[in-house]
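The next block holds one structure in the form of structure tokens; read it before the comments.
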Amino acid sequence: MTRSSWKGPFVDGYLLAKAEAARQSGRNEVIKIWSRRSTILPQFIGLVFGVYNGKKFLPVQVSENMVGHKFGEFSPTRTFTGHSSDKKAKRG
């Protein structure tokens, strides 16, 4: 079930404050965030966020196409290392 439209998009309050501070300073620093559930707003375009995936912060450069999505969509939590090889087939 999706969020009600009359409520608006969910964004953690500290995230808005960090983004505004980064815009005011003018420096291109990575903004570390843990809020994977927050929605990307138009105010975040052009900023770089370090989204925590449970192990490290992955840099996410926000573009216009990302608006409306969640930060967690751009920071995968699982790494696929490939299928294990079949050892019986190699012995043959």
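Summary of values
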| item | result |
| --- | --- |
| Qualifying residue in the stretch 31-54 (condition: assigned to a loop (DSSP other than H, G, I, E, B), surrounded by fewer than 11 Cβ atoms within 10 Å (Cβ to Cβ) and free of Cβ contacts under 8 Å to residues at least 12 places away in the same chain) | no |
| Enumeration of residues in the stretch 1-16 that are under 19 Å from Lys70 (Cβ atoms) and either of a type in the set (D, E, K, R) or exposed (fewer than 11 other Cβ atoms within 10 Å of the Cβ) (or both) | Met1, Thr2, Arg3, Ser4, Ser5, Lys7, Gly8, Asp12, Gly13 |
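Throughout, read-outs are computed from the coordinates displayed, never taken from laboratory work. Predicted model, so just to flag it, every value in this text is computed and none were measured. Here Cβ is always computed from backbone atoms with ideal geometry, including for glycine, and neighbour counts include all displayed protein chains.
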